[in-house]
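The values are calculated or read from the model by the stated rules, or taken from the named source; none is laboratory data. Fair warning: this is a prediction, and the values are worked out from it, not measured in the lab. Glycine gets a Cβ as well: all are built from the backbone with ideal geometry, and neighbour counts include every protein chain shown. All accessible areas refer to the heavy atoms of the entire protein, side chains included, with ligands and DNA or RNA removed. Shrake-Rupley method; radii C 1.70, N 1.55, O 1.52, S 1.80 Å.
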Amino acid sequence: MSKRILFFMGLMLVYDAGIAQKQNYVQIFPGESEKQIIEKAANIVPTPRQLRWQQLELTAFFHFGINTFTGREWGDGKEDPAIFNPTALNAEQWVKTMKDAGFKQVIITAKHHDGFCLWPTATTMHSVKSSPWKNGKGDVVKEVAAACKKLNMGFGVYLSPWDRNAPVYGTDAYNDFFVQQLTELLTGYGKVDEVWFDGANGEGPNGKKQVYDFNRWYQLIRKLQPQATIAIMGPDVRWVGTETGRGRRMEWSVVTTNNLDQSQVAANSQQGLLFKPISDLRGDDLGSREKIVTAKGLVWYPAETDVSIRPGWFYHEDQDKKVKTPEELLKIYFTSVGMNSVLLLNVPPDKRGLIADADIRSLQEWTRIRNGLFSTNYLRGSTILCKNGTRASALLDGDNATYFTTTGTDTATAIIFKLKKPTTFNVLSLQEDIRVGQRVEKFSAWYKEGGQWKPFANETTIGYKRLLHFDPITAAEIKIEIESSRLNPAIAEAGIYFCKELTGTDSK
Ligand code: FUL
């Protein structure tokens with residue numbers, strides 16, 4: 001995965017102006033105090049497109065293409081398009097499967113590293129046009145886009161910058177070729193909600209590595225589909241740093257842009273700033289106080305956790321028995337969505353052009369468990385006590401757009417929930433209202449037993465959503481302590497739940 005890190009070194013972040021006071025990027029000037037920097041960090045917010053994306057929680061990948069038919073993970077671009085011949089392709093089945101599982105948006109691999117295009121592009125004959133599928137008249141991208149429209153799902157495209165088929169790859173001409181492909185995808189299929197760029201970057205036939213013109217691509221996307229988030233080699237969404245489904249225990253959406261290349265700070269077509277951050281995306285800590293006090297800039301750059309339901313990204317028959325179980329998917333939900341990230345779960349259609357039964361069964365059972373788990377918030381109906389808080393009822397109203405906060409200049413607080421009767425639970429859910437900013441730096445959770453408060457959680461960040469599970473606890477009083485927060489915390493929701501399928505603790 002180092003390719004992504006390497007690529008990130010050259011990544012251009014584009015900052016969109018437009019939010020008057022609250023912004024998704026600030027510069028830090030020499031001589032600013034820690035207090036000033038922390039205050040700036042506390043007021044950084046997502047752009048509207050980042051906010052929409054974060055609220056989706058569950059998004060899906062469909063890895064489908066020439067590799068589905070060769071059994072490989074990375075094609076070399078020399079595959080004969082004649083092998084692309086799904087017998088029963090039904091994109092509506094793909095999209096409906098994900099919708100039924102609670103997903104809100106899907107991304108199709110319009111072109112993977114092998115260069116084979118799933119739409120009849122004018123840029124190359126290495127596409128569905130040269131395949132026997134629908135006598136060369138098919139268009140997978142169109143079918144996925146239509147299914148999304150029909151089922152009211154977000155639609156996104158993955159277009160691999162690395163192209164092992166294009167003869168011009170490795171030359172300047174490739175950037176034009178790529179712009180043309182991108183333009184076709186952004187103009188021919190209605191609304192596009194996400195554009196996903198991978199960082200893989202090999203050598204072309206001339207032995208040269210392609211220098212990707214990311215900035216030009218970003219500007220094109222902003223012009224043609226301004227609502228689309230650009231992930232993960234892009235300015236809106238950051239790769240979490242693993243492909244295991246496990247995010248960070250401490251996940252700050254506000255990260256430092258240290259080593260900001262000041263020479264790149266310039267106005268762009270979106271009246272924003274361009275800059276090149278250089279940072280390690282894989283460390284455990286991208287945004288703590290210690291990290292940001294030395295920052296030259298701070299940006300809202302949230303994490304996306306991509307993982308496949310199978311060992312591979314593409315469908316392989318011999319992996320039918322290795323589809324992740326509902327329990328594994330549930331744990332992934334806790335370590336992605338529950339760690340202030342968005343889950344991007346890959347569910348690859350098979351050679352028929354259908355999602356296989358094994359995947360559907362797993363998704364259905366996972367969804368049943370998840371829905372059951374979150375159906376009853378046992379804090380509902382409790383009496384809330386807090387000495388220095390206001391709008392406590394917002395914590396339990398199920399509305400992310402209302403929030404509890406502290407009064408005056410207090411940033412620490414304790415919120416006590418007195419339940420009507422002793423209740424057994426093994427899940428805690430907390431959410432910040434990120435439209436105010438991500439602020440909580442340290443929190444703990446306690447239950448009362450025999451007149452004594454006993455801790456059951458001791459964590460750092462909350463962010464958009466934090467989920468914890470632990471061994472079952474039975475109690476009639478629960479306390480959430482916000483021990484440290486950058487400015488007044490804005491807590492949107494709190495909940496405790498019980499799920500018998502969840503075992504053990506997962507906060508390591
Ligand atoms: C990686 C690619 O090389 C894989 O094939 C896959 O597309 C994954 C999502 O990104 O870097």
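Mean residue ellipticity, 222 nm, helices only, the chain: the sum of -39500 (n - 2.57) across DSSP H runs of n ≥ 4, divided by residue count and rounded to 500, is -6500 deg cm²/dmol.
In a simple Cβ point-charge model (Lys, Arg +1; Asp, Glu -1; nothing else charged), segment 383-502 has a dipole of about 200 debye relative to its Cα centre. Once all protein chains are placed together, residue 411 keeps about 40 Å² accessible to a 1.4 angstrom probe. Anything over 29 Å Cα to Cα? Flag those among 479/500; 149/322; 96/351; 465/500; 96/331, in the order listed. In this structure, 149/322 lie more than 29 Å apart at Cα.
Computed extension length for residue 74-residue 211: 47.3 nm, one decimal, from 0.36 nm per residue of separation with the Cα-Cα distance subtracted. Overall, the accessible surface of the chain at a probe of 1.4 angstrom is composed of carbon and sulfur to the extent of 51 percent. Our coupling estimate for segment 468-473, obtained by passing each phi through the Karplus curve with A = 6.51, B = -1.76, C = 1.60 and θ = phi - 60°, is 10, 10, 7, 5, x, 10 Hz, Gly and Pro reported as x. Applying both filters, DSSP loop and at most 16 other Cβ atoms within 10 Å, to the trypsin sites (Lys or Arg not before Pro) of segment 147-208 gives 191, 208. Rolling a 1.4 Å probe over the heavy atoms of the protein chains gives the chain an accessible area of 38 Å² per residue. Remark on residue 127: its backbone amide H falls under 5 Å from those of 117, a criterion applied only to residues 5 or more positions apart or on other chains, H modelled at 1.01 Å from N.
In this structure the amide hydrogen of residue 442, modeled in the peptide plane, comes within under 5 Å of the amide hydrogens of 483, 484, none closer than 5 places in sequence on its chain. Extension gain, residue 149 to residue 223, is 24.5 nm, computed as 0.36 nm per intervening residue step minus the present C-alpha separation.
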